[in-house]
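Data first, discussion second: the structure below is written as structure tokens.
The values are calculated or read from the model by the stated rules, or taken from the named source; none is laboratory data. In this text, all values refer to a predicted model and were calculated from it rather than measured experimentally. Glycine gets a Cβ as well: all are built from the backbone with ideal geometry, and neighbour counts include every protein chain shown. Calculation scope for accessible area: heavy atoms of the full protein, side chains included, ligands and nucleic acids excluded. Shrake-Rupley method; radii C 1.70, N 1.55, O 1.52, S 1.80 Å.
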Amino acid sequence: MATPEADIEAGTRRDLVGMSREEMGRALAGLGLPAFRTKQVWHWIYCRGATEFDAMTTLAKPLRRLLAERFAISRPIVSKAQVSADRTRKWLVAFADGSEAETVFIPEEDRGALCVSSQVGCTLNCSFCHTGTQPWVRNLTAGEIVGQAMLARDALGEWPTAANGQRLLSNIVLMGMGEPLYNYDNVVKAMKIVMDMEGIAISRRRITLSTAGVVPRIADVGRDLGVRLAISLHAVTDELRDELVPLNRRYPIADLLAACRDYPGGRNARRITFEYAMLKGVNDSEADARALVRLVRGIPAKMNLIPFNPWPGAPYECSTPKAIERFAAIVNRAGYASPVRTPRGRDILAACGQLKSDSVRVRARAG
Ligand code: SAH
């Protein structure tokens, strides 16, 4: 990592957003500042939503100036904001290098979930997912992941974070663009910042990480974060899952479910969510429903049935309401909650699997 001196010589200011508390402590100690300054600056950035040092009125003006010379407090930029008829909001978010990802806010009555992207593009190429049709670009940094939560708080007017307050942005789901477990270190770092109770303060019980099944990382998530786990299952045979979620060729269903059985959250009341996109004539038969129930037996689980969300050129159709109802009933009778996820924000392509940006890899573009 570059030293502060090197940064200053190069004329760059280091971004405080995305640093762990320890890193911020070291960065400020590098200026000779005592530890309580880190606490103050952290508070201004993550409780108050300060975007400039001049707003930090508990610091003397010369100190604010010094910090502004050395450091930045950056936010990604919203390059396009859309609101769905059902009030779902979608932001096209631009990062410093110009690449873009999408962030979606799904409001409920008195709370709401922010769907955060972890990568620009995705390497998995699931056959029913729109993001898979765009080229892989890059991992997001921890600051860019946290930045999505911060710009949502900006847009919702939810700074400062009230200690006891009920906030609209109450939950985070890592279900946007990308595979969070293929950007493991940055995702973990970002979620630790988000979970810090003297900051954005969203607890691990209100965070859900969704994975297509990067098996060797699942135990790590349990150990490092302990957030809720969601698994994009979508099929009950390896043959079909190989086709829908090509990652299955590397980590087949049996290995995936074994990892779920061992997930620490699974042993107590925190059930694992299995996501299952309902694809007409592909995975939605009654036999599929019965096989699903047999597969997950013994895992404290909830099935999230997602009516397939169409996108331009998609090779699938959504199951009929009747097929979804029959499927849900079988799963339900077996003792599993099987909520059918109401599509949100379909009119602005903000629903599950509809996210896409025009970003391309700089190298690919140059070529
Ligand atoms: N890569 C992670 C995070 C993405 S979450 C993962 O795969 O879990 C996005 C969820 O929406 C996943 O469950 C994905 O399988 C699902 N999905 C993708 N395309 C969809 C579509 N067109 N309709 C409904 N769900 C879809």
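For ILE306, the residues whose modelled amide H falls within less than 5 Å of its own, excluding neighbours fewer than 5 places apart on the same chain, are TYR276, ALA277, MET278, ARG341.
Would you mind working out the magnitude of the charge dipole of the chain relative to its Cα centre, with +1 at each Lys and Arg C-beta and -1 at each Asp and Glu C-beta, to the nearest 20 Debye? Can you show the working numbers first?
Details: 50 positive and 39 negative charges, 148 e Å.
For the chain, the charge dipole is close to 720 debye.
How large, in Å, is region 87-245 by the Kirkwood hydrodynamic radius built from its alpha-carbon pairs? It would help to have the intermediate numbers written out before the result.
Numbers: mean 1/r = 0.0619 Å⁻¹.
Over region 87-245, the inverse of the mean reciprocal pair distance is 16.2 Å.
Estimated from helical segments only, the mean residue ellipticity of the chain at 222 nm is -10000 deg cm²/dmol, where each DSSP H run of four or more residues counts as -39500 (n - 2.57). For the chain, the share of DSSP beta bridges that are antiparallel, to the nearest 5, is 45%. Grab the other residues whose beta carbon is less than 10 angstrom from that of VAL227, score K and R as +1, D and E as -1, and report the net. With Lys, Arg at +1 and Asp, Glu at -1, the neighbours total +4. Our summary of shape: the Cα atoms of the chain have principal axis extents of 70, 50, 39 Å, ordered from largest down, in whole angstrom. No disulfide-compatible partner, judged by a Cβ distance under 4.7 Å, exists for the following cysteines of the chain: CYS47, CYS115, CYS122, CYS260, CYS318, CYS352. Over region 246-344, what number does the Rg to Rh ratio reach, with both radii from the alpha-carbon atoms and Rh per Kirkwood? That ratio equals 0.98. Listed by chain and number, the lysines whose C-alpha is less than 18 Å from the C-alpha of LYS322, apart from same-chain residues fewer than 8 away, are LYS280. Neighbours of LEU59, meaning other residues whose beta-carbon lies under 13 angstrom from its beta-carbon, give a summed charge of +4 when Lys and Arg score +1 and Asp and Glu score -1. Near the amide H of ARG138, within less than 5 Å, lie the amide hydrogens of VAL120, all on another chain or at least 5 residues away, with H placed in the peptide plane. The relative contact order of region 292-367, computed from alpha carbon pairs under 8 Å that lie at least 6 residues apart in sequence, is 34 percent. Only protein atoms count toward the accessible area here, which uses a 1.4 Å probe; on the chain, the carbon and sulfur part of that area reaches 51 percent. Sorted largest first by accessible area at a 1.4 angstrom probe radius, with every protein chain in place, the residues MET278, MET195 fall in the order MET195, MET278. Checking the table LYS90/LYS192; LYS61/LYS356; LYS189/LYS356 against a 32 Å threshold on Cα-Cα, which pairs fail? Correct reply: LYS61/LYS356.
Normalised by the residues of the chain, what does the relative contact order come to in percent, with Cα pairs under 8 Å and at least six apart? Spell out each step's value before the answer.
On the way: 707 pairs, mean separation 59.6, N = 367.
RCO, the chain: 16 percent.
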